[in-house]
């Protein structure tokens, strides 16, 4: 009998993903450090009013970047961000006014409370999608405002609450314009660093997979509920920290300004203009919108709101994917025409 040799199994080639060179991986962190140092150097060239304006820009950089974690990377329209901003503000006010805790401890507690509350409500909320999720988160923000209004003994109700920042009863002295400038700069840098770390991690890829096709991501083994909840919790924690810093800066806390939905609207606009799902987009969007708003307010006092709204509409029509995403696509395809961009995304 003759034996026939079995055919050899086909050779398989293992494809190893290309690893970016170290300088390319390090470049975003170097730019972040350079931007932070540049912000510190810029302070020496500003007078008091300009310091307050630039400090507000830093605040919105942090808010827009935090919103982008869930609204940009994951694609869930989070219209209730201001609820966690107000929650962080009131936790700080309550801790400093009633418990006489230092601002620095109150800052940490504000972030923790906002994060724990987000984890509690996030599990049921994140089962909703699209406009249902957006409306539900907005309802949570309005619910928090009503709670504050109806607890006058603790929160002051509609009369508000004033944080003690001067005299012997002040647990922490007011930081002044210079101090708050540095505080918001460092908070913005820290939030951007968190977003940068998330975007380059496996969690960041999981969030993008959920954004593209949640059912397909679940079929690939991604725990979509846990991934979304962690992103929501992280975004709320960072937002609570920003609200805490803003409460200490303005000292007098009232329900309506603290839970004003225009704060969320501005953050969403900044992300959309800069580029959702990117790290650089919210930064550029926040700087552009805030700078343009201040410039128009100074030069067109009576019509600045109308002009700013018109400019935002035109920008969104011409760059529906945001500036950073447009620039990346244009460089790859060598097509820089805005009219081509409108046709590609609108028609």
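FYI, it's all coordinate maths here, none of it is from the lab. Keep in mind that what you see is a predicted model, and the values were worked out from it rather than measured. Don't worry about glycine lacking a Cβ; one is built from the backbone with ideal geometry, like all the others, and counts go over all protein chains shown.
Here is how the numbers come out for the structure above:
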| item | result |
| --- | --- |
| Scattering profile of region 193-347 at q = 0.10, 0.11 Å⁻¹ [log10 I(q)/I(0), Debye over alpha-carbon scatterers] | -0.49, -0.60 |
| Debye-sum result for region 148-218 in log10 I(q)/I(0), which assumes one identical scatterer on each alpha carbon, at q = 0.12, 0.21, 0.23 Å⁻¹ | -0.70, -0.91, -0.98 |
| Folded to 0 to 90 degrees: helix 81-97 orientation relative to the chain principal axis, Cα | 40 degrees |
| Computed Kirkwood radius, in angstrom, where 1/r is averaged over Cα pairs of region 262-340 | 13.1 Å |
| Crossing angle, helix 48-71 versus the chain [Cα axis fit, 0-90 degrees, rounded to tens] | 40 degrees |
| Percent RCO, i.e. relative contact order, over the chain, from Cα pairs under 8 Å lying at least 6 residues apart | 27 percent |
| Cα shape, region 82-192, gyration tensor, a/c 1.5 rule | oblate |
| Helix 280-299 axis, angle to the chain major axis (alpha carbon atoms, nearest 10°) | 40 degrees |
| Extended-chain gain in nm, criterion 0.36 nm per residue less alpha-carbon gap, residue 213 and residue 34 | 60.8 nm |
| Choice from 314, 289, 324 showing the highest fluctuation, given a GNM over the chain with Cα pairs closer than 10 Å | 314 |
| Label point distance in nm, residue 43-residue 344, each placed 7 Å from Cα along Cα→Cβ | 4.2 nm |
